[in-house]
Amino acid sequence: MIKEEAHWRTLCDTETLGENSSQVSLFGEADTSDIPEPNIPEAEEWNILDKLNKEKEVVGIYISGHPLDDFRVDMDTFCTKEGLKVLQDLERLKGRQLSFGGMVTASEERIAKNGTRYGNFTVEDYEHSERFFVFGEE
């Protein structure tokens, strides 16, 4: 009888220890009533361009739209149909006039070893981006 009573005391002490512990059971038996729900502060909604830039920065792609969406009709009407992708095959473009639409996503001005200035910029459309170099005339 003494062994049985000691066994029950050990079990009760283990149960009490488990209740006072901050550990969570693997099977979801934790009591979460002690944890207060966090307060989410009120914030202004981002404008569409900021939102799209954050999506691109975090995920790597635009999710809720594209910055060129407001210009889609103009680009479809006035620009080369294949967009910037057409520049992949320059040989077939000889003698053709091309027009592109897109957004400049990067630009840089540099000085060459011979002291002349040049620049480069990256243009991005819906499906492709292309880097262009600009050199001054001497």
Exercise. Restricting the search to segment 80-111, which residues are more than 19 Å from GLY60 (Cβ to Cβ) and in a loop (DSSP other than H, G, I, E, B)?
Worked result: THR80, LYS81, GLU82, ASP89, LYS94, GLY95, ARG96, GLN97, LEU98, SER99, PHE100, GLY101
For this session: Give the residue that is surrounded by the most Cβ atoms within 10 Å (Cβ to Cβ), with candidates limited to residues of segment 106-137 that are within 28 Å of GLU82 (Cα to Cα) and hydrophobic (A, V, I, L, M, F, W, C).
Result: VAL123
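Here is a yes/no grid of residues against (1) under 21 Å from GLY102 (Cβ atoms); (2) part of a loop (DSSP other than H, G, I, E, B); (3) modelled with pLDDT under 90; (4) not β-branched (Val, Ile, Thr):
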residue: PHE27; (1), (2), (3), (4): no, yes, yes, yes
residue: ALA30; (1), (2), (3), (4): no, yes, yes, yes
residue: GLU57; (1), (2), (3), (4): yes, no, no, yes
residue: THR77; (1), (2), (3), (4): yes, no, no, no
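Residues in segment 64-75 that are of a type in the set (Asp, Glu) and either closer than 18 Å to GLU130 by Cβ or outside any helix (DSSP H, G or I) (or both): how many?
Going through segment 64-75, the residues of a type in the set (Asp, Glu) turn out to be 69-70, 74.
Now narrow it down to the ones that are either closer than 18 Å to GLU130 by Cβ or outside any helix (DSSP H, G or I) (or both): none.
Residues meeting the conditions: 0.
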Exercise. Just a yes or no: is a residue in segment 112-120 assigned to a loop (DSSP other than H, G, I, E, B) and of a type in the set (A, V, I, L, M)?
Worked result: yes
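Kindly indicate which of GLY83, GLY65 is closer than 29 Å to TRP46 by Cα and surrounded by 13 or more Cβ atoms within 10 Å (Cβ to Cβ). First the steps, then the outcome.
On the way: GLY83 fails: closer than 29 Å to TRP46 by Cα.
Sole residue among the options that is closer than 29 Å to TRP46 by Cα and surrounded by 13 or more Cβ atoms within 10 Å (Cβ to Cβ): GLY65.
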Exercise. Is there any pair linking a residue in segment 98-113 that is in contact (Cβ under 8 Å) with a residue 12 or more places away in the chain to one that is outside any strand (DSSP E or B) and of a type in the set (Asp, Glu), with Cβ under 6 Å and at least six apart or on different chains, and which?
Worked result: GLY102/ASP125
Exercise. Quick one: is LEU52 touching a helix residue (DSSP H, G or I) at 6+ places or on another chain (Cβ under 8 Å) and free of Cβ contacts under 8 Å to residues at least 60 places away in the same chain?
Worked result: no
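Those residues that are of a type in the set (A, V, I, L, M, F, W, C) and touching a helix residue (DSSP H, G or I) at 6+ places or on another chain (Cβ under 9 Å), I need them from segment 111-125; list them, please. Full working, then the answer.
As a first pass, look at segment 111-125 and keep what is of a type in the set (A, V, I, L, M, F, W, C): 111-112, 121, 123.
The answer is VAL123, and nothing else.
The values are calculated or read from the model by the stated rules, or taken from the named source; none is laboratory data. All of these numbers come straight from a predicted model, not from anything done at the bench. When we count neighbours, we look across all protein chains shown, and the Cβ atoms used for this are built from the backbone with ideal geometry, even at glycine.
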